[in-house]
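The values are calculated or read from the model by the stated rules, or taken from the named source; none is laboratory data. As the structure is a computational prediction, the values presented were derived from the model and not from experiment. We place every Cβ from the backbone using ideal geometry, glycine too, and count neighbours over all the protein chains shown.
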Amino acid sequence: MVDVTPFRTGAAVLALPQRHVLDLVGPDARRWANGQLTNNVRALPVGRLNQHAMVDDKARVQGFVDVWCLADQHLRLVTEDVTPEEFSNRYEKYIIFDDVELSDLGGEYAVLAVQGPQSGRVLAAAGLQDPGEEGAFVDAAGVLVGRRARCRAGGVELLVPSAGVDALRGRLLAAGATPVDEAAAEVARVEAGLPRWPVDMGEKALPHELGVVPRMCNFEKGCYIGQEVINRIDVMGQVAKKLWGLELAAVPPAGSVIRADGAEVGVTRSAVQDGGRVMALAMLRKAAWSPGREVEVDGVGPARVVELPFPP
C-alpha cells in the first residue's frame, strides 16, 4: 500500500535522482539563459529561483529546468529528467560569442525534497532556515534550501553537497520527516496535476496544453526560442488539447484511448492508485473539457473528467 499521508499532513523526505545540477557562470549568463528558456532570467533577483520549459523553435516542450540565481553572473540550473549531456547537446551550440561557461555538477551535488504542510517545522527542527515564500531560497552552510512545490501542500528542495547527503537526511528524519518512496511521490505529483516530461506529453506538446504557462512562461522578457508560437497561442487563447484529470475504477496503461460518445477524445498519461482511488492525467481534446463529463477508457471502462489539481 502506497502511503501518501506525509505529503498531505506531515513532511515527506525523498531523494530526487532524476534531478541534475549544472552551473552557468559568466558576464553573459543572464542574457544567454534569458534567450533560451521560457521564464524571465534577466530580472530574476539573487536568492530567487523560477521554473522554465525547455522548448524548440515550434514551442514543443523538450524538458523542464529550474534556474536558481546565486549571483548576478552565477546561475545554478536543476534539470528534471534531462541529463547534463542532453542539456549540453541541446544548448551549447547556442553559446557562440557569449562569455559564459556551462558545467556539470552531477558528482558534486544531490537533490533532496521535503514536501508537505509540516516541511517548514521540520526544517526548523533540523536547524535549517525556511526560505518562506515559493521561489525563494537560502544558503544554509553550503546547502541551498529553496521553496519549490512538488505536491499540493508545497515544500522545499535542497541542493546538497554529495558528501553531506546522508548526514542531512538523518537530521531531517530526526526532526520528524517521514521517508517516502518514488511510488508515493508519484501519487502526490499526479494528485497535484504536475506534468512530468516526457511521460505526460507527446512529442508535440505545448506549454499551454500542459497547464504550465502561469509558472513557467513570461511574456515581457523579450525574445527567446519558441517565443513567437507561445505568444501567438496566448493571444488567441486556445489550444486543441489540454491536460486534465480522470478518475477511474482501475489503472489504465499509458496511452490508453479515451472516447466520448464513441469518438476518440484523448489518451491517458500517468496513472496512480491511492487506496481505492485511481487517478490519471490525460491529454484531452475540447469535446471532453467539462468537469464531471463521463468518458470511456479502452480496456478499463467508464471514467470521470476532473479539473486539475484533483480535489482532496
Residue match in region 214-222 (condition: touching a helix residue (DSSP H, G or I) at 6+ places or on another chain (Cβ under 9 Å) and modelled with pLDDT under 95): yes
Out of 82, 78, sole residue that is within 30 Å of residue 181 (Cα to Cα), in contact with a strand residue (DSSP E or B) (Cβ under 7 Å, 6 or more places away or on another chain), assigned to a loop (DSSP other than H, G, I, E, B) and at pLDDT 95 or above: 82
Residue satisfying condition, being part of a helix (DSSP H, G or I), surrounded by 22 or more Cβ atoms within 10 Å (Cβ to Cβ) and either charged (D, E, K, R) or out of contact with any Leu (no Cβ under 9 Å at 6 or more places or on another chain) (or both), within set 157, 186, 191: 191
Tally, over region 160-172, of residues that are surrounded by 15 or more Cβ atoms within 10 Å (Cβ to Cβ), part of a helix (DSSP H, G or I) and hydrophobic (A, V, I, L, M, F, W, C): 3
Which listed residue, of 24, 49, is assigned to a strand (DSSP E or B), over 16 Å from the mean Cα position of the chain (by Cα), within 30 Å of residue 129 (Cβ to Cβ) and touching a residue at least 12 places away in the same chain (Cβ under 8 Å): 24
Tally of residues being under 17 Å from residue 180 (Cβ atoms) and aliphatic (A, V, I, L, M) across region 150-168: 5
Answer residue from region 130-154, given it is free of Cβ contacts under 8 Å to residues at least 40 places away in the same chain and over 18 Å from residue 76 (Cβ atoms) and is surrounded by the fewest Cβ atoms within 10 Å (Cβ to Cβ) among those: 133
Residues of region 99-129 satisfying the condition of being surrounded by 15 or more Cβ atoms within 10 Å (Cβ to Cβ) and among the acidic types (Asp, Glu): 104
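Residue-by-condition table, conditions (1) aromatic (Phe, Trp, Tyr); (2) closer than 30 Å to residue 238 by Cβ:
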| position | (1), (2) |
| --- | --- |
| 124 | no, no |
| 141 | no, no |
| 146 | no, no |
| 156 | no, no |
| 165 | no, no |
| 197 | yes, yes |
| 202 | no, yes |
| 220 | no, yes |
